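Quick notes on the structure that follows.
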Amino acid sequence: MADLVERFVRDHRLANQEEYGELLESLEKPGTGEYLQAEAVKLRKKYYGDKVYVRGLIEFTNICKNGCYYCGINRENHQVERYRLTAEEILECCKNGWRLGFRTFVLQGGEDPWFTDERLTKLVRLIKKAYPDCALTLSVGERSLDSYRRLRRAGADRYLLRHETAEEAHYRYLHPASMSLGKRKQCLFTLKALGFQTGAGFMVGSPGQTYEQLAQDLLFLKELSPEMVGLGPFIPHQATRFAHEPAGSVELTVKLLSVVRVLLPNVLLPATTALGTLALDGRERGLAAGANVVMPNLSPRRNRKQYTLYDNKLYEGEEAAEGLEALSRRVEALGYHLSMERGDITELE
Ligand code: 5AD
């Protein structure tokens, strides 16, 4: 194996962007992907054994003030029917989830201005009071330091905010001028400083993406050292300006999951819905490559098809919380098993 790849496996880091670029190029050589995958599996076993953690995803609002060009629920899309769950409906989702055995709830939504700090902290308190043994993850976008602090004090444990791309020009290509990479990164560092288990991440194969940009993503991930990384293929949505762009590659996504596992050995790494949407065995391939988390959908059935980030998004079968048994069988077939624990990050050795 090339020196650089071996050094990466040994040190869990490379020196600079150029080296990460070289690593990415070497993924195309026969054997490198397999080698990294084997190392990734060793690491996931070292830190998590054969456990696959389960998170109940509650998509509680698809109303969004942002206009991210790739996203199907961006504010410019007037075709999508908008919804916002009430606190009662959200608590009902948690109740269903709790009965099914879930001990982590992920509240994910667009940047919906209705959810002021008052309303959101109240919701967090309600959920944490009703389910003190559960972890609560928020994924509600960019907010102020004060807002993040209040949410943390209210009891939220984790926060997901993908950085989407760590390269300035690419960030601008994917987002309207009202958004900035600087702000996104600032939010992530703030979340970490406040003690949230923090998740960053990006889409693989988003329009205009190059290896240099992916190399910057890896460099940024190492710098931030998030507890969680969300990584899935880009999938076009018909009502966006990127409708006719090709989807990201499943192969590259899977290889990058292995790379991220080696980069951040104890990271919580989901096999994403997007990966499962692009390939029938996508989720399995993600788990076999070093992913250790799955996030079935706990949203009310009637709303699931309205949360269309991209075309053909899965929300039935094993993607749905009710499909837990089928999911469990597929995970067992891979030699792993579903764990219904809270599933916090384990200490790095
Ligand atoms: N394809 C794949 N993933 C997408 N996301 C948004 N739009 C798309 C798309 N078209 C991802 C973004 C966001 C997460 C919630 O969903 O990375 O952070």
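Computed log10 I(q)/I(0) for the range 91-168 at 0.11, 0.13, 0.14 Å⁻¹: -0.29, -0.41, -0.47, from the Debye equation with unit scatterers placed on every C-alpha and solvent omitted.
At a Cβ-Cβ separation cutoff of 4.7 angstrom, cysteine residues of the chain with no neighbouring cysteine are Cys64, Cys93, Cys94, Cys134, Cys187. As a length-normalised measure over Cα pairs under 8 Å and 6 or more apart, the relative contact order of the range 211-349 settles at 22 percent. Sorting Lys255, Lys128 by solvent-accessible area of protein heavy atoms yields Lys255, Lys128, largest first, with a 1.4 Å probe.
Per residue, the accessible area of the chain comes to 41 Å², computed with a 1.4 Å probe over protein heavy atoms only. Can you flag which of Lys192/Lys313; Lys128/Lys305; Lys65/Lys192; Lys183/Lys255; Lys192/Lys222; Lys255/Lys313 are past 20 Å Cα-Cα? Going by Cα-Cα distance, Lys192/Lys313; Lys128/Lys305; Lys65/Lys192; Lys183/Lys255; Lys255/Lys313 fall outside the 20 Å limit. If R₀ is 25 angstrom, what is the calculated FRET efficiency for the pair Lys183 and Glu212, using the beta carbon separation as r and rounding to 0.05? Here the calculated transfer efficiency is 0.65.
Ligands, DNA and RNA aside, Phe196 has an accessible area near 10 Å² when probed at 1.4 Å.
Each residue of the range 154-160 was assigned a 3J(HN,Hα) from its phi angle through the Karplus curve 6.51 cos²θ - 1.76 cosθ + 1.60 (θ = phi - 60°); the sequence is 6, x, 5, 9, 9, 8, 9 Hz, with glycine and proline shown as x. For the range 76-225, the Kirkwood radius over C-alpha pairs fed into Stokes-Einstein at 10 °C and 1.306 mPa s yields D = 95 µm² per second. Using only side-chain charges placed at the Cβ, +1 for Lys and Arg and -1 for Asp and Glu, the dipole size of the range 20-66 relative to its Cα centre rounds to 380 debye. Each Lys and Arg contributes +1 and each Asp and Glu -1, all at the Cβ; summed about the Cα centre of the range 278-349, the dipole is approximately 460 debye. Modelled spin-label separation between Arg172 and His337, with each label point placed 7 Å from Cα along the Cα-to-Cβ direction: 5.4 nm. A simple count of charges around Ser225, restricted to other residues whose Cβ falls under 12 Å of its Cβ and scoring Lys, Arg +1 and Asp, Glu -1, yields +1. Each principal axis of the Cα atoms in the range 289-343 has its own extent, and those three values, largest first, are 34, 22, 20 angstrom. Computed over every Cα-Cα pair of the range 241-323 and binned at 10 Å starting from 0, the pair-distance distribution P(r) comes out as 18, 44, 32, 7 percent.
For the range 164-227, the Stokes-Einstein estimate of translational diffusion at 20 °C and a viscosity of 1.002 mPa s comes to 176 µm²/s, using the Kirkwood hydrodynamic radius over alpha-carbon pairs. Across the range 110-201, the relative contact order, built from alpha-carbon pairs under 8 Å that are at least six residues apart, equals 30 percent. By accessible area, using a 1.4 Å probe on protein heavy atoms only, the chain has 51% of its surface on carbon and sulfur.
With q set to 0.11 Å⁻¹, the log10 of I(q)/I(0) for the chain, from the Debye formula over equal scatterers at the Cα positions, is -0.68. Computed on the chain, with alpha-carbon pairs under 8 angstrom and 6+ residues apart, the relative contact order is 25 percent. Overall shape of the range 1-102 was characterised from the C-alpha gyration tensor. The equivalent ellipsoid obtained from it has semi-axes of 41, 24, 11 Å, in decreasing order. Within the shell of other residues whose beta carbon sits under 10 angstrom from the beta carbon of Asp117, the net charge comes to +3, with Lys and Arg scored +1 and Asp and Glu -1.
Candidates Asn74, Tyr53, Gly97 compared by Cα position along the dipole of the range 1-128: farthest toward the positive end lies Gly97, with charges placed on Cβ. At what distance in angstrom do the alpha carbon centres of the range 265-335 and the range 180-228 lie from each other? Using only Cα atoms, the two centres lie 22 Å from each other. By the equivalent-ellipsoid construction on the alpha carbon gyration tensor, the range 204-349 comes out with semi-axes of 23, 23, 13 Å, ordered largest to smallest.
Around the Cα centre of the chain, unit charges on the Cβ atoms of Lys, Arg, Asp and Glu (plus for the first two, minus for the last two) sum to a dipole of about 1340 debye.
The values are calculated or read from the model by the stated rules, or taken from the named source; none is laboratory data. None of these values were measured; they are calculated from a predicted model. In this analysis, Cβ positions are derived from the backbone assuming ideal geometry, glycine residues included, and neighbour counts consider all displayed protein chains. These area figures cover heavy atoms from the full protein model, side chains too; ligands, DNA and RNA do not enter into them. Shrake-Rupley method; radii C 1.70, N 1.55, O 1.52, S 1.80 Å.
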